[in-house]
Amino acid sequence: MSAYAAGLGLGTRDSQGRWLDVFFPAPILSPSDALAEILSGHGTDPLDVAALESIATACEASGEQATASLARRIAGSGQPATAVGLAEDTGPDSVPAAYLKLHLLSHRLVLPQQTNLQGVFGVLPNVAWTNLGAIAIDELPARQLDARLRGDVLEVSCVDKFPKMTNYVVPAGVRIAHTARVRLGAYVGEGTTVMHEGFINFNAGTVGPGMIEGRVSAGVLIGADSDLGGGCSTMGTLSGGGDIIISVGKQCLIGANAGVGIPLGDRCTVEAGLYVTAGTKVTMLDGERNAIETLSARELAGMSDLLFRRNSLNGAVECLTNRTAIELNSELHAHN
Amino acid sequence: MSAYAAGLGLGTRDSQGRWLDVFFPAPILSPSDALAEILSGHGTDPLDVAALESIATACEASGEQATASLARRIAGSGQPATAVGLAEDTGPDSVPAAYLKLHLLSHRLVLPQQTNLQGVFGVLPNVAWTNLGAIAIDELPARQLDARLRGDVLEVSCVDKFPKMTNYVVPAGVRIAHTARVRLGAYVGEGTTVMHEGFINFNAGTVGPGMIEGRVSAGVLIGADSDLGGGCSTMGTLSGGGDIIISVGKQCLIGANAGVGIPLGDRCTVEAGLYVTAGTKVTMLDGERNAIETLSARELAGMSDLLFRRNSLNGAVECLTNRTAIELNSELHAHN
Amino acid sequence: MSAYAAGLGLGTRDSQGRWLDVFFPAPILSPSDALAEILSGHGTDPLDVAALESIATACEASGEQATASLARRIAGSGQPATAVGLAEDTGPDSVPAAYLKLHLLSHRLVLPQQTNLQGVFGVLPNVAWTNLGAIAIDELPARQLDARLRGDVLEVSCVDKFPKMTNYVVPAGVRIAHTARVRLGAYVGEGTTVMHEGFINFNAGTVGPGMIEGRVSAGVLIGADSDLGGGCSTMGTLSGGGDIIISVGKQCLIGANAGVGIPLGDRCTVEAGLYVTAGTKVTMLDGERNAIETLSARELAGMSDLLFRRNSLNGAVECLTNRTAIELNSELHAHN
């Protein structure tokens, strides 16, 4: 069995030598045993030139030319560098390891929920992301004053544990109209357009293609050819979704300003402006528009070919289906 | 008949010589015949110094001093430049022509829907907009690594076919609290305030004055003295509005988190949180609050003096009017 | 009685010498009489080196070492500087005074609504906030062209009277995932996380701790341990809330895409997607889920332990309580 992942990165450290971020130009999933061994065991102090040269030489001997070349370029740069080799998919125990895992997601090497991020909030420091790079929060006031005394402004664009993805990687075949709304660790599938109102958290994303004008919360995955309308909401597991992991299947349409608190199957539609929570009481309609029964939306988790709307004459939340009454009964009570 | 439009611009090209963007400091609608001829026929390769000097000389001979002066400044800059003269209002067939048309809109020389943008998505390349300017997507990874090796961060603020408007022009008399949410090609009328949650797509905008805290979708025009509340939605023709072009008249108020899928006349109000789609069944109330009839919202397209709300006792979507029952009947069935 | 506030700041002026912004590294509430006197009476022209040296010397004589040290650093910088001493809490009558007051809020020296901001919109100029600092709107086109002629892009990130807070101060113990959405003058309490969809206006904020993924409008204060869900709305006094000042108490939860137009007490919940305006008719339910009476939401202003939802079977907006019918009647009609 091979190692889990590895990478050689450049990063930023604060004045006490703590890593603030690490940029991995070419993160590797399932590296060769040789490469994993070469990149492991270097600790979290920055690599010195000798260590980088040694890594480069060992990589060349193992046919790992790309990593060798990267090591030599980094050695010549004088920038703080780190090597990470993860034998197994355990929760990240250091800033470099956490960043490597976030890169795996954003480079589309692993899907959301497919890498262990246990403890990542505890490992990552809160950082001020500025036009001069990552700055430790406690060093910020002095840096802001220094900039002003020079006649400059220190632009602080984000104060967070997670930076924006596009300053680390822009995966192929996507548009992201406003990059501040996609965190490093997002998985943005090929053919995805994230409009200005779209948002993708870390450990969440889209299979692609698709149009995202709403919010993809942590843990949520959106299937191919689905469309999230402007300002729509997917409930994250941290925000009321409880233990249910929200997902949206293929060819779904969640309308503008709508929301979902249950996982949807394929070809589902939620009307603009309607929020379906797990507890919403829903009147099921068969293919003839007859009301069959009323149940909680959570009982519809994962079902396909549903259309949710609020009846604008009587305010009832309805779920339109293309099934007969008998088919619906059978499907809804299969697990009773 | 004069030519349609012309302009002299500076732009950015990728390493293969393809235009990524063009900045027109002073786009011209209906140029003089002389100016149109001077700026036409230069192709899409960058103008060399001789061509720019020749343009300047010809402009001076025709009394076009502003353009002459601009040509000389550009000649001295060494930056890639282009001249565009459009004889007619045809769909843009090049990046410079597309950018000229987007500038016409944002300089308020033409209203949304009043210039032919057919094919603009196909003409415009997807571009990484960075603190170092426009960068081709396929050149981005190398540029990101180069920046890190220098100890810098390449800030990638947008990955899109359309850049933000304010890096090209800020029309007079507006506030735009967060500029990433207004695309080049937006028409932002004098006296418009676009708050942080506001958004204006290309080929859309506001007559002004007005307060925009919601989303103005592609193709939508908002009338004078109208107020779009925080997070409200206007349905674009691409997103479910179908063939209906959505617009909002004068002195309208769309409440926070509300939405409209039909065009509104003047002095209309949509209650906060209510989404009125074309298919919403609406109970019409006369000036005495008597229910007159129920119809689909699309039948109310363009009518003035309507107030939409969801009755909070029975969930019905209602439309309050100031008409008598007889007036309402007459107005609603005028075209039957 | 001591003076109200004072500060020594660096700022930006336009080509006509008007202040565009002022940065106060260390604003002071209730300064000593001596310090207030030293910093008062300097007018709004920039301080020259002699004035700064004189301020430094006087501060040293009064034991105000921090301000003395700041004055000497500014004197050495050559940047435009200003001193402000406010005897009383009157509405700001100059740009430096307005900025000092906004700093008091964002440094958490005063709570929202606790400093007089009367007239601040009239005092503050509309400014283009760029990567080269604050630029006067009427000087922007020339600066944009100059940048392009150099091969640069002038990044215009905001066109507004109020800049973003984090370029002036990042108070301790907060995360702000996307800083463009928090204006200078916001009060962001310790332990507050403002997610990408969160927004905090000036003269508004959070006591902290809390999670803000919705919009905190001007004048609104959010209590400790409250959670504003993604895209939710609080109605500002300027936007339909009328004379009622909206606030949210402790341990409240406003669901995603919901909204409130009334002040909430403690431990209140508003269901995702429900907008409660002051005029919403609400059916009150007692602890046994019996309907007790129907009233306007404004009559519930400030009450605690309420849960608002829209009944998904019949569309009625309901308010669930933990009281008996008798308790509810007593509480609701206490002021009749």
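If you take every residue apart from A:A325 with its C-beta less than 12 Å away from the C-beta of A:A325, what net charge results, scoring Lys and Arg +1 and Asp and Glu -1? The partial results should precede the final answer.
Numbers: positive: A:R289, A:R323; negative: A:D286, A:E288, A:E293, A:E327, A:E331.
Net of charged neighbours comes to -3.
For segment C:247-336, with all protein chains present and a 1.4 Å probe, just round the carbon and sulfur fraction of the accessible area to a whole percent. Present the calculation step by step, with values, prior to reporting the outcome.
Details: 1690 of 3630 Å².
Carbon-and-sulfur percentage of accessible area, whole number: 46.
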Rounded to whole Hz, the Karplus (6.51, -1.76, 1.60) HN-Hα couplings of segment C:281-287, x for glycine and proline: 7, 10, 8, 7, 10, 7, x
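To the nearest 100 Å², how much accessible surface do chains B and C cover up together, summed over both, with a 1.4 Å probe?
Heavy-atom accessible area buried at this interface is about 3200 Å².
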Gyration tensor (alpha-carbon) shape descriptor, the protein assembly as shown, a/c threshold 1.5: rounded
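With a ≥ b ≥ c taken as the square roots of the eigenvalues of the C-alpha gyration tensor of segment A:118-187, please select rounded if a/c is under 1.5 and otherwise prolate if a/b is larger than b/c or oblate if it is not?
Taking the square roots of the gyration eigenvalues as a ≥ b ≥ c, segment A:118-187 is oblate.
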Quantify how strongly other chains surround peptide A:313-320 by giving the mean number of their Cβ atoms within 10 Å of each of its Cβ atoms. 6
At B:E53, with labels set 7 Å past Cα in the Cβ direction, how many nm apart are the copies from this one, shortest first? 5.3, 5.4
Based on DSSP, what percent of beta bridges with both residues in chain A are antiparallel, to the nearest 5? 50 percent
Give me the distance between the Cα centres of segment B:203-227 and segment B:105-133, rounded to whole Å. 18 Å
Using a 10 angstrom cutoff on alpha carbons, build the Gaussian network for chain A and name the most mobile of A:D305, A:D146, A:D93. A:D146
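Average partner chain C-beta neighbours within 10 Å, per residue of C:72-84?
Working: counts 0, 4, 3, 0, 1, 6, 3, 5, 1, 0, 0, 0, 0.
Rounded to a whole number, the mean comes out at 2.
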Given GluC sites (Glu not before Pro), DSSP loops and at most 16 other Cβ atoms within 10 Å, the longest exposed-site-free stretch of chain A is A:89-189
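Can you say what percent of the DSSP beta bridges in segment B:98-226, counting only those with both residues inside, are antiparallel? Round to 5. List each step's numbers first, then the result.
Details: 9 of 23 bridges.
Antiparallel: roughly 40 percent of the beta bridges in segment B:98-226.
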Dipole in debye (nearest 20) - segment A:154-296, about Cα centre, beta carbon charges: Lys, Arg +1; Asp, Glu -1: 360 debye
Which ³J(HN,Hα) values in Hz, rounded to whole numbers, follow from the phi angles of segment B:7-23 under the Karplus curve 6.51 cos²θ - 1.76 cosθ + 1.60, where θ = phi - 60° and Gly and Pro get x? x, 10, x, 10, x, 10, 10, 7, 5, 9, x, 7, 5, 9, 7, 9, 9
Average partner chain C-beta neighbours within 10 Å, per residue of C:191-200? 4
Just to confirm, what accessible area per residue do you get for chain C at 1.4 Å probe, in whole Å²? 36 Å²
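For n ≥ 4 DSSP H runs only, could you compute -39500 (n - 2.57) per run for chain A, divide by its residues and tell me the 222 nm figure to the nearest 500? Please report the intermediate quantities before stating the final value.
Working: 7 runs with 67 residues, N = 336.
So the calculated ellipticity at 222 nm is -6000 deg cm²/dmol.
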With +1 at each Lys and Arg Cβ and -1 at each Asp and Glu Cβ, the charge dipole magnitude of segment A:1-116 around its Cα centre, to the nearest 20 debye, comes out at 360 debye
Minimum Cβ-to-axis distance in chain B for the rotation onto chain C, with residue, whole Å: B:G315, 1
The long-range amide H neighbours of B:F202, using H built 1.01 Å from N in the peptide plane and a cut-off of under 5 Å, are B:R183
What is the projected area of the convex hull of the Cα atoms of segment A:248-336, averaged over all directions, in nm²? 5.3 nm²
What does the charge add up to near A:I176, with Lys and Arg as +1, Asp and Glu as -1, over the other residues with Cβ less than 11 Å from its Cβ? +2
For the protein assembly as shown, what proportion of DSSP beta bridges, expressed in % and rounded to the nearest 5, is antiparallel? 50 percent
In the Gaussian network model of chain C, springs joining C-alpha atoms below 10 Å, which of C:V182, C:V169, C:V270 carries the largest mean-square fluctuation? C:V169
Would you give the gap between the C-alpha center of segment A:68-86 and the C-alpha center of segment B:252-292, rounded to a whole Å? 61 Å
How many nm separate the modelled label positions at B:N329 and C:R150, each set 7 Å beyond the Cα in the direction of the Cβ? 7.2 nm
Of A:Q16, A:Q65, A:Q113, which has the largest mean-square fluctuation in a 10 Å C-alpha GNM of chain A? A:Q16
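According to the square roots a ≥ b ≥ c of the eigenvalues of the Cα gyration tensor, what is the shape class of chain A, taking rounded for a/c under 1.5, prolate for a/b larger than b/c otherwise, and oblate for the remainder? Mind showing how you got there, number by number?
Working: a/c = 2.94, a/b = 1.94, b/c = 1.51.
Prolate, because a/c is 1.5 or more and a/b exceeds b/c.
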Return one number: the angle in degrees, 0 to 90 and rounded to the nearest 10, between the long axis of the Cα atoms of helix B:65-77 and the longest principal axis of the Cα atoms of chain B. 60 degrees
Going Cα to Cα from A:K250, which lysines come in below 17 Å? Please leave out same-chain ones fewer than 8 positions away. none
Determine the principal axes of the Cα atoms in segment A:59-128, then give the extent along each, sorted from largest to smallest and rounded to whole angstroms. 35, 29, 20
With each label point set 7 Å from Cα along the Cα-Cβ vector, what nm distance links B:V49 and C:E37? 6.6 nm
To the nearest 20 Debye, how big is the dipole of chain A about its Cα centre, given +1 on the beta carbon of each Lys and Arg and -1 on that of each Asp and Glu? 720 debye
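The values are calculated or read from the model by the stated rules, or taken from the named source; none is laboratory data. Model, not experiment: these values are computed from the prediction. Here Cβ is always computed from backbone atoms with ideal geometry, including for glycine, and neighbour counts include all displayed protein chains. In case anyone asks, the SASA skips ligands and DNA or RNA and just uses the protein heavy atoms, side chains included. Shrake-Rupley method; radii C 1.70, N 1.55, O 1.52, S 1.80 Å.
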